[in-house]
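Student: Quick one: this structure, given as structure tokens, is what I'll be asking you about.
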């Protein structure tokens, strides 16, 4: 079965029976397409025009119905990247849920392993810092790269990791987290670390003052589900019996 390629996107049509389109995913994939063509190794699967006319009410026989790979199709269209596709009438819309069960998207840790195995020094340094301090890949991305937004995550996944924090500052931050971990068992959980990063970067923050309060108030510090709630806990702890209060939430 030969793989075809095209930039004539009007010859395809999406099928209503497929899953809803995730436009955030399409936009992220379109940026990735500008770096490498995802459909080269993972071609879009379509039915023939004739089969589409018989199976789907929205098909009039002039277009190929997209059966598998609608996000890749839309990302190719959005980025104006050549799309590779296969015409296969044996693969129907009924096969999509079963096929999806065999697929598992790569997580940040998978990309990290991949680039470390390829000898990328920046990724090895990232992994070393992460492992030494017991942080998750996503949290380490925030600490070393400033955030984990779409641009930063895409750069990480495409092999273009850029560590922006100095190692002296990164290690000082990790030392502070490790100090708190002696009192709070959840101090290395992602939301806690991300909240503390905001605390740590606040003007006039004094870590010795926080540790002094934590020494006798740790039992009152709640485990939380989100960053903002942790910031509230840090404010209550840091400002306890203090005249000069500091607020960490915007």
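Read the figures in this text as sums done on the coordinates, not as results from a lab. Small disclaimer: the values here were computed from a predicted structure and weren't measured. With ideal geometry, Cβ positions are generated from the backbone for all residues, glycine too; neighbour counts draw on all protein chains shown.
Student: Please build a GNM for the chain, connecting alpha carbons under 10 Å apart, and tell me which residue among 150, 132, 36 fluctuates the most.
Tutor: 132
Student: Roughly what percent of Cα-Cα pairs across segment 59-149 reach past 19 Å?
Tutor: 61 percent
Student: Mind jotting down the three principal axis lengths of segment 108-238 based on Cα atoms? Whole angstrom, largest first.
Tutor: In descending order, the Cα extents are 47, 27, 25 Å.
Student: On alpha-carbon atoms, Rg over Rh for segment 166-250 using Kirkwood Rh?
Tutor: We get a ratio of 0.92 for segment 166-250.
Student: Please build a GNM for the chain, connecting alpha carbons under 10 Å apart, and tell me which residue among 111, 123, 42 fluctuates the most.
Tutor: 42
Student: Write down the percent of antiparallel bridges among all DSSP beta bridges whose residues are both part of the chain, to the nearest 5. All intermediate terms of the calculation are to be shown ahead of the outcome.
Tutor: Details: 5 of 11 bridges.
Here the antiparallel bridges make up roughly 45 percent for the chain.
Student: Still on this structure: Take residue 86, project a point 7 Å from its Cα along the Cβ direction, then tell me which residues of segment 1-45 have their backbone nitrogen under 13 Å from it.
Tutor: Taking a point 7 Å out along Cα→Cβ of residue 86, the residues of segment 1-45 whose backbone N falls under 13 Å are 1-4, 40-45.
Student: Label points 7 Å out from Cα along the Cβ direction at residue 235 and residue 107: separation in nm?
Tutor: Placing both labels 7 Å along Cα→Cβ, they lie 3.2 nm apart.
Student: Also, I was wondering about something else. Once Rh is set to the Kirkwood radius over Cα pairs, what Stokes-Einstein translational diffusion coefficient, in µm²/s, holds for the chain at a temperature of 20 °C and a viscosity of 1.002 mPa s?
Tutor: 99 µm²/s
Student: Highest mean first, how do 238-245, 182-189 rank when packing is the count of other Cβ atoms within 10 Å averaged over residues?
Tutor: On the way: 238-245: 10.8, 182-189: 15.8.
Packing proxy ranking, top to bottom: 182-189, 238-245.
Student: To continue, here is another question. Please check: in the Gaussian network model of the chain (C-alpha springs, under 10 Å), which one of 61, 159, 52 has the largest mean-square fluctuation.
Tutor: Most flexible of the set in this elastic network: 61.
Student: Using the Cα atoms of segment 60-101 to build a convex hull, what is its mean projected area in square nanometres?
Tutor: Here the figure is 3.8 nm², rounded to one decimal.
Student: Another one. Pop out the Kirkwood hydrodynamic radius of segment 4-100 from its pairwise C-alpha distances, inverse of mean 1/r, in Å to one decimal.
Tutor: It works out to 13.4 Å.
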